[in-house]
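I have placed the structure first, in the form of C-alpha cells, so that the comments after it can refer back to it.
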Amino acid sequence: GKIPPKEVEFDLHKELHLVLLLFSTEAADKQLSLSLDLDPEVPREVRGDPGLLRQVLINLIANACEAMSEVVASSRQLIVRTALTVEREICVSVSDMGTGISDRNLSRLFDPFFTTKRNGLGLGLAVCRTILDGQGGRLWAANNTTRGATFYFTLPVAAHRNNA
C-alpha cells in the first residue's frame, strides 16, 4: 500500500540550505548563481516529511537549472524564497531566469506523463504535487513578468496544524 508520510517538525531553512548545497557543484559547472532569500518572519518549524520535501525541492531546482541551460551565463540566476501567505501558510518559491513556460504547457505541467524533456518521464511534477497534497500544501507555477518562471508551493505552519 501507500507509505503514509512521516509527520515531524523540522527546520525549513536548514532543509533549503541542504538542498542548495547539493546543487553547488553543478551550479559552478553550469555557471548558475543560486541564492536563498529567506523571510525572517517565516516560522522555521514546519510540519511534514522532510525527506519528501527534499524530493520536491530537488525536482524543482533541477528543472529550473535545466530551464536556464539555453540562456546566457550572466542571467542564469535561481532564487529560492520563503514568504508568509495571507492565510499564514509558508510559501516557498523557486524562480529561474530561463525561457519561461508556454501557455500551452502551463495548464498541463502537472499532468502525469506530460513532459517537455527529450528523455523525461513526465512524473516529476505530478509526483511533487501529490507529495504536497499529502502534506496539506499546494503547488503551482507561473511565468515571471520579466523572464523565466517560478514554481510556488505552500506548507502549513507547525503550530497551526492541530488547532485549525
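The values are calculated or read from the model by the stated rules, or taken from the named source; none is laboratory data. No experiment lies behind these values; they were computed from the predicted model shown. Cβ coordinates were reconstructed from backbone atoms using ideal geometry, including for glycine residues, and neighbour counts include every protein chain displayed. In case anyone asks, the SASA skips ligands and DNA or RNA and just uses the protein heavy atoms, side chains included. Shrake-Rupley method; radii C 1.70, N 1.55, O 1.52, S 1.80 Å.
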Per-residue ³J(HN,Hα) for the range 12-24, Karplus 6.51 cos²θ - 1.76 cosθ + 1.60, θ = phi - 60°, Hz, x for Gly and Pro: 4, 4, 4, 4, 5, 4, 4, 5, 5, 4, 4, 9, 5
Order by protection proxy (mean Cβ within 10 Å, highest first), peptides 7-17, 92-102, 23-33: 92-102, 7-17, 23-33
Cα→Cβ-extended label distance, 7 Å offset, between Leu18 and Asn143, nm: 3.6
Span per principal axis, largest first, for the Cα atoms of the range 31-126 (Å): 39, 34, 25
Value of D in µm² per second that Stokes-Einstein yields for the chain, Kirkwood Rh from Cα pairs, at 20 °C (1.002 mPa s): 131
Thr85/Arg118 FRET efficiency (R0 22 Å; Cβ-Cβ; nearest 0.05): 0.05
Selected from Asn105, Asn144, Asn119 as most flexible by GNM, with the chain as the system and alpha-carbon contacts under 10 Å: Asn119
Accessible carbon and sulfur surface of the chain relative to its total accessible area, %, 1.4 Å: 53
Reach of Lys6 by Cα under 28 Å, taken over lysines that are not fewer than 8 positions away in the same chain: Lys14
Alpha-carbon centroids, the range 28-74 and the range 116-155: separation in whole Å: 12
Packing-based order for 54-64, 79-89, using average beta carbon neighbours within 10 Å, highest first: 54-64, 79-89
Approximate spin-label separation Ser102-Gln55, in nm, with each point projected 7 Å along Cα-to-Cβ: 3.1
Principal-axis tilt of helix 124-134 within the chain, Cα atoms, nearest 10 degrees: 10
Residues of the chain: accessible area per residue with a 1.4 Å probe, Å²: 56
